[in-house]
Amino acid sequence: MRIPLVVALLLTACPASAQPVTPQIVDDAIPASLTGRPGDAARGRAIVANRSTGLCLLCHSGPIAEERFQGDIAPSLAGAGSRWSEGQLRLRIVDGSRLNADTIMPAYYRTGGLQRVARAFEGKTILSAAQVEDVVAYLVTLKD
């Protein structure tokens, strides 16, 4: 079995958390903040644009003009805040496979049920709860 490039790249990223909270999923969303407070949209934008933290632009394109070579194999992030609620965006980042079992999008805040994880990364998330909230805060601002 071949690992998709995006997953292989993310496995080399520095994991964020050893003890993630277990979010409550309601329908197609995680309504409550993972941290109990809102994220920071500016920090979220930086995570989305960063080629070594989130790697979002490897697959997605978005309204980040200064970043060249954006992806086109996943939906554009432009207008994400109009298409999905805050809770729906949170679930997609935490674990998109809950909505689409065949997704290649990594589960940024899941530790269980993963395959071929390097020993150094076992039990750790790709993004911390605060980073997830920052990305959500940014994505909800993208209304058009």
**OP:** Taking DSSP loops as anything outside H, G, I, E and B, show the longest stretch in the chain free of trypsin sites (Lys or Arg not before Pro) there with at most 13 other beta carbons within 10 Å.
**Re:** 3-50
**OP:** Work through the residues other than ALA80 whose Cβ is under 14 Å from its Cβ and net out their charges, Lys, Arg +1 and Asp, Glu -1.
**Re:** +3
Original post:
³J(HN,Hα) across the range 131-142 via Karplus (A = 6.51, B = -1.76, C = 1.60, θ = phi - 60°), whole Hz, x for Gly/Pro?
Top reply: 5, 4, 5, 5, 5, 4, 4, 5, 4, 5, 7, 7
Subject >> SER52 paired with SER85, simple spin-label distance in nm, labels 7 Å along Cα-to-beta-carbon >> reply: 3.8 nm
Subject >> Rel. contact order, % - alpha carbon contacts under 8 angstrom, at least six apart, the range 74-123 >> reply: 23 percent
Original post:
Considering only protein heavy atoms and a 1.4 Å probe, what is the carbon-and-sulfur percentage of the accessible area of the range 54-127?
Top reply: 51 percent
**OP:** For log10 I(q)/I(0) by the Debye sum over Cα atoms at q = 0.15, 0.21 Å⁻¹, several values are listed as (1) -0.69, -1.25; (2) -0.71, -1.50; (3) -0.79, -1.35; flag the one computed from this structure.
**Re:** (2)
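The values are calculated or read from the model by the stated rules, or taken from the named source; none is laboratory data. Since this is a predicted model, take the numbers as computed values, not measurements. As a convention, Cβ positions derive from the backbone with ideal geometry for all residues, glycine included, and neighbour counts pool all protein chains shown. What goes into the accessible areas is simple: the full protein's heavy atoms, side chains included, and nothing from ligands, DNA or RNA. Shrake-Rupley method; radii C 1.70, N 1.55, O 1.52, S 1.80 Å.
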